[in-house]
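Visitor: Structure provided below as structure tokens; questions to follow.
Values quoted throughout were computed directly from the atomic coordinates according to the rules given, and no laboratory measurement underlies them. Given the structure is predicted, the values throughout are model-derived calculations rather than measurements. FYI the Cβ positions are ideal-geometry reconstructions off the backbone, even for glycines, and counts take in every protein chain you see.
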Amino acid sequence: MNNENMISVSNGNGKMGAIPSASLPPIVTCRKNGLPCAKDCYANKLYRLRPTVRNAYDKNLAIYQNNPDSYFLQLRAFLSVSRFFRLHVSGDFIDAEYFARCVEAVASAPNCTVLAFTKQYEIVNEYINNGGAIPENFKIIFSTWGTWKPENPYNFPESAVIFKDTAIPDDWKICGGNCFECACRGCGCWELKNGETIAFYKH
């Protein structure tokens, strides 16, 4: 398989540590109803400013659109040799079919814990409404933004953004700043329980 047909997986960065991740372009794969986070999206800033990042995200989306079987076969291969994995440092679950295949890929690698934040809550809720089950190793966190909250009937963990004027509730957990360290210690996002909230300072 040549490089053009291989999905791009990052081996980590300053915040993620040594956590591999696969991402998609921001905005175009996210919600279509103009959420306020769009103008402050850190992933979109990187996407615009760094051609290598933009090319990697665009390539992943193109591979999925042109050959979804290859996309998910490759994703499964990466999950099978990873202890931890992050889906969508940029981007989100595109649609119901994409989400269902992500669930299948994660279920195929029970020794890998996969973390994903999403504002596409309808897709996740509908999947469960239709009888679907989320694997224990798939840690899904519903993202909020200020006063915008997702519908969360299944009580998924949530993330919140801390703005300058945000009053921080006592029961919020605050991001420790390094995904790999938290994953290895079994804390933070990776072990967030239903009904709990992890908070990030706006960046």
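Visitor: Rounded to the nearest 0.05, what FRET efficiency do N55 and N129 give with R0 = 22 Å and r taken as the Cβ-Cβ distance? Could you check?
Guide: Given R0 = 22 Å and the Cβ-Cβ separation, E is 0.05.
Visitor: Same structure again: Taking 1 over the mean of 1/r across every pair of different Cα atoms in the stretch 74-155, what Kirkwood radius in Å do you get?
Guide: Details: mean 1/r = 0.0760 Å⁻¹.
Its Kirkwood hydrodynamic radius stands at 13.2 Å.
Visitor: Can I ask one more? Tell me the mean residue ellipticity at 222 nm calculated for the chain from its helices only (DSSP H runs of n ≥ 4, each -39500 (n - 2.57), averaged over every residue, nearest 500).
Guide: -9500 deg cm²/dmol
Visitor: Give the residue from T197, I168, N3 lying farthest towards the positive end of the charge dipole for the chain; charges sit on Cβ (+1 for Lys and Arg, -1 for Asp and Glu) and the dipole is referred to the Cα centre.
Guide: The listed residue farthest towards the positive side: N3.
Visitor: Any idea what the dipole of the chain comes to, in debye rounded to 20, about its Cα centre with Lys/Arg Cβ at +1 and Asp/Glu Cβ at -1? Don't skip to the end; give the middle numbers.
Guide: Details: 21 positive and 19 negative charges, 147 e Å.
So the dipole magnitude of the chain works out to roughly 700 debye.
Visitor: Turning to a different aspect of this structure: Within the set of other residues whose C-beta is less than 14 Å from the C-beta of I141, count the net charge using Lys and Arg as +1 and Asp and Glu as -1.
Guide: That sum, taken over residues with Cβ under 14 Å, equals +2.
Visitor: Under a Cβ-only charge scheme (Lys and Arg +1, Asp and Glu -1), can you give me the dipole magnitude of the stretch 22-111 about the Cα centre, in debye to the nearest 20?
Guide: On the way: 12 positive and 7 negative charges, 86 e Å.
In total the dipole reaches around 420 debye.
Visitor: Follow-up. Please report V114, V28, V103, V81 as a ranked list, fewest other C-beta atoms within 10 angstrom at the top and most at the bottom.
Guide: Values: V114 24, V28 14, V103 20, V81 11.
Placing the least packed residue first, the sequence is V81, V28, V103, V114.
Visitor: Which one of L49, N111, N137 is farthest out on the positive end of the charge dipole of the stretch 6-152, using unit charges on Cβ (Lys, Arg +1; Asp, Glu -1) and the Cα centre as origin?
Guide: L49
Visitor: Which entries of K59/K202; K139/K173; K119/K173; K45/K202; K32/K193; K119/K202 have Cα-Cα distances beyond 24 Å here?
Guide: Numbers: K59/K202 28 Å; K139/K173 16 Å; K119/K173 19 Å; K45/K202 14 Å; K32/K193 28 Å; K119/K202 17 Å.
Over 24 Å apart, Cα to Cα: K59/K202; K32/K193.
Visitor: So in the stretch 1-157, what percent of DSSP beta bridges are antiparallel if you round to the nearest 5?
Guide: Working: 4 of 15 bridges.
Looking only at bridges with both residues in the stretch 1-157, the antiparallel portion is about 25 percent.
Visitor: Please report, largest first and rounded to whole Å, the three semi-axes of the ellipsoid equivalent to the chain, where each semi-axis is the square root of five times an eigenvalue of the C-alpha gyration tensor.
Guide: On the way: eigenvalues 122, 76, 64 Å².
The three semi-axes for the chain are 25, 19, 18 Å.
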